[in-house]
Amino acid sequence: MAHNWDFATILQNWPVLWVGIKGTVFIFVITVILGLGGGLIVGVARYSKSPVVSWPARAFVEVFRNTPVLVQIIWFYYAFPILTGIETDPFLAAVLGISLNTMAFSAEIYRAGIQSINRAQWEAGKAIGMSYNQTLRRIILPVAVKRVLPALTNRGIEVFKMSTLASVVGYVETLNQAKLISDLNFNPIESYTAVAVIFFVVLYPVVQGTYVLERMLRKGD
Amino acid sequence: MEWNFLAVLRDFDLLMLGLVNTLKVTGLALLFGVPLGLALALSRLSTFRILSGIAGFIVEFFRTTPPLVQLFWFFFALPILIDVRMTPLIAAVVTFSIQSSAFFAEIFRGGILSIDKGQWEGAKAIGMTYGQCQRRIILPQAIKRMIPAFMERSIELLKTTTLVSTVAYTDLMFQANELAQKTFRPLEVYTIVAAIYFVLIFLFSQLSIAIEHRLAKSGEGTVR
């Protein structure tokens, strides 16, 4: 227990860590937009009455929800290029794995939201002459998305944590840079503690925010 | 490009060994993680402020930090801090037990809180202590409601165990990396391994859905 904590080395190496933090933020922003945005399309497709539309969506959701995201990232890094001839760098492989995984999970969230809307809303849309798409866009989705906002925020938190997996294929993000600092300065304790603290400090307020959001939505409903 | 699964099938026993180790890590993490989760939930619900504060911090900390960071911390940092020899298996079991216990704690807490207050009062009225009431009245009902969320979490745990491959524990993912290098057939190896995970996890989630339907039929609400 006689360890002398030395966070000065971490501060001296701050520029190295900062590169990683920027990498984390960059991949998070891209994957969260693609994942939650694409998930809406898949979720609507999954809800469709036409089996030609809903079945591929369902197959997609099942495949990406029932395999580990690390397997997906590594598959896109090592296997996908052989299959398609498209070269993937660590960034692209991680973006594909994390985004598609998030799309599958958020699709189920959107679908649950759409299903939770009273059937009368659909009938009301029809009664005033709206098409299926108009009713969906103008009446159903605004309410449905609002209802599932806490679940989507939780998914966003998962995406932020998942970004560390990009380090496994060598993408430069926070954990990767911490490993570099640790290897050069022989200070794994401080390096990895610093990363854990960074994630905690960023995500703790977000988690508290989701509790507030949930309470507000419950009151508003 | 041509699919060629022969090289993979020849070394299929390597993958099966990895699968056994994946299940071993998952099982051990569940074995320690579930009781720890219950302890954390009961502490967090305690009226003793310091205890509930500490439990709350542990739960939130392990829920908001990435599991891979936790694994690296327990594998690379902890052995220096307390001078123990750390094997990949121990690091993995410690990490995933604590990490999943934080999530199990929230499931337990949700389950316990979902039980009507009248049940507590009823138990108190017939002279039961807090412990007796918790054991005999509250937990049996809460646990029944928790089963679907509990199964979902266990499936997440199974998927998260793939991270142990990064500290060189011979789980299914690690064996896949080895085999891909050995056979120069990454496409076939990773596709087969993805399929193995898929079958395993798909079966577990179907089972979970079936149990949920059964519980719904027996008139039991579930918590998420």
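The values are calculated or read from the model by the stated rules, or taken from the named source; none is laboratory data. For clarity, every value in this text was computed on a predicted model and none was experimentally measured. All Cβ positions, glycine included, derive from the backbone under ideal geometry; neighbour counts span all protein chains shown. Areas reflect the complete protein model, heavy atoms only, side chains present, ligands, DNA and RNA absent. Shrake-Rupley method; radii C 1.70, N 1.55, O 1.52, S 1.80 Å.
Using the Cβ-Cβ distance between residue B:113 and residue B:85 with R0 set to 45 Å, the FRET efficiency works out to roughly 0.60.
Computed with every protein chain present, the accessible area of residue B:167 is close to 10 Å² [probe 1.4 Å].
Taking square-rooted eigenvalues a ≥ b ≥ c of the alpha carbon gyration tensor, is segment B:140-183 rounded, prolate or oblate, where a/c under 1.5 means rounded and, failing that, a/b exceeding b/c means prolate? Taking the square roots of the gyration eigenvalues as a ≥ b ≥ c, segment B:140-183 is prolate.
Surface composition of chain A: carbon and sulfur atoms hold 66% of the protein heavy-atom accessible area at a 1.4 Å probe.
Inter-chain neighbour count for A:44-55: the average number of beta-carbon atoms from partner chains within 10 Å of each residue's beta-carbon is 0. Heavy-atom accessible area for residue A:75, with the other protein chains in place and a 1.4 Å probe, reaches approximately 50 Å².
Once B binds A, the 1.4 Å probe can no longer reach about 3500 Å² of accessible area, counting both sides. Note on A:175-187: average number of Cβ atoms from other chains within 10 Å of each residue's Cβ is 1.
Diffusion coefficient of chain A by Stokes-Einstein, Kirkwood radius over Cα pairs, 10 °C, 1.306 mPa s: 81 µm²/s. The residues of segment B:72-99 occluded by other protein chains by 10 Å² or more of accessible area, set against the chain on its own, are B:72, B:73, B:76, B:77, B:80, B:81, B:82; surface from heavy atoms, 1.4 Å probe.
With the gyration tensor restricted to C-alpha atoms of segment B:51-148, the semi-axes of the equivalent ellipsoid amount to 36, 14, 12 Å, longest first. Panel note: the C-alpha atoms of chain B, placed on their principal axes, show extents of 72, 49, 23 Å (largest first).
Taking each full run of DSSP H in chain B as one helix, which ones are at least 20 Å long along their axis (Cα atoms) and have mean Kyte-Doolittle hydropathy of at least 0.0? Sorted by number, the helices that extend far enough and score high enough are B:12-45, B:49-64, B:88-113, B:139-160, B:186-217. As an equivalent ellipsoid, the protein assembly as shown spans semi-axes of 35, 31, 23 angstrom, where each value is the square root of five times an eigenvalue of the C-alpha gyration tensor, largest first.
Measuring r between the beta carbons of residue B:6 and residue B:204 and using R0 = 35 Å, the FRET efficiency lands at 0.70.
As a length-normalised measure over Cα pairs under 8 Å and 6 or more apart, the relative contact order of segment A:12-220 settles at 28 percent.
Ligands, DNA and RNA excluded, the heavy atoms of residue A:40 present near 50 Å² of accessible surface to a 1.4 Å solvent probe.
Using a Gaussian network model of chain A in which every pair of alpha carbons under 10 angstrom is joined by a spring, one finds that among A:151, A:79, A:124 the greatest mean-square fluctuation is at A:124. Among the trypsin sites (Lys or Arg not before Pro) in segment B:31-92, those placed in a DSSP loop whose Cβ has at most 16 other Cβ atoms within 10 Å are B:85. Per residue, the solvent-accessible area of chain B (1.4 Å probe, heavy atoms of protein chains only, all protein chains present) comes to 48 Å².
Largest first, the residues B:174, B:184, B:12 sort by 1.4 Å accessible area into B:184, B:12, B:174. Taking θ as phi - 60° and the Karplus parameters 6.51, -1.76 and 1.60, the scalar couplings of segment A:88-97 work out to 10, 8, x, 4, 5, 4, 5, 4, 4, x Hz in sequence order, x denoting glycine and proline. Largest GNM mean-square fluctuation among B:103, B:202, B:62, using chain B with Cα springs under 10 Å: B:202.
A helix-only calculation puts chain B at -25000 deg cm²/dmol for mean residue ellipticity at 222 nm, using -39500 (n - 2.57) for each DSSP H run of at least four residues, averaged over all residues.
Among the residues of A:162-169, the average count of other protein chain beta-carbon atoms within 10 Å of the residue beta-carbon is 4. Probing with 1.4 Å while keeping every protein chain in the model, the per residue accessible area of segment A:73-221 equals 46 Å².
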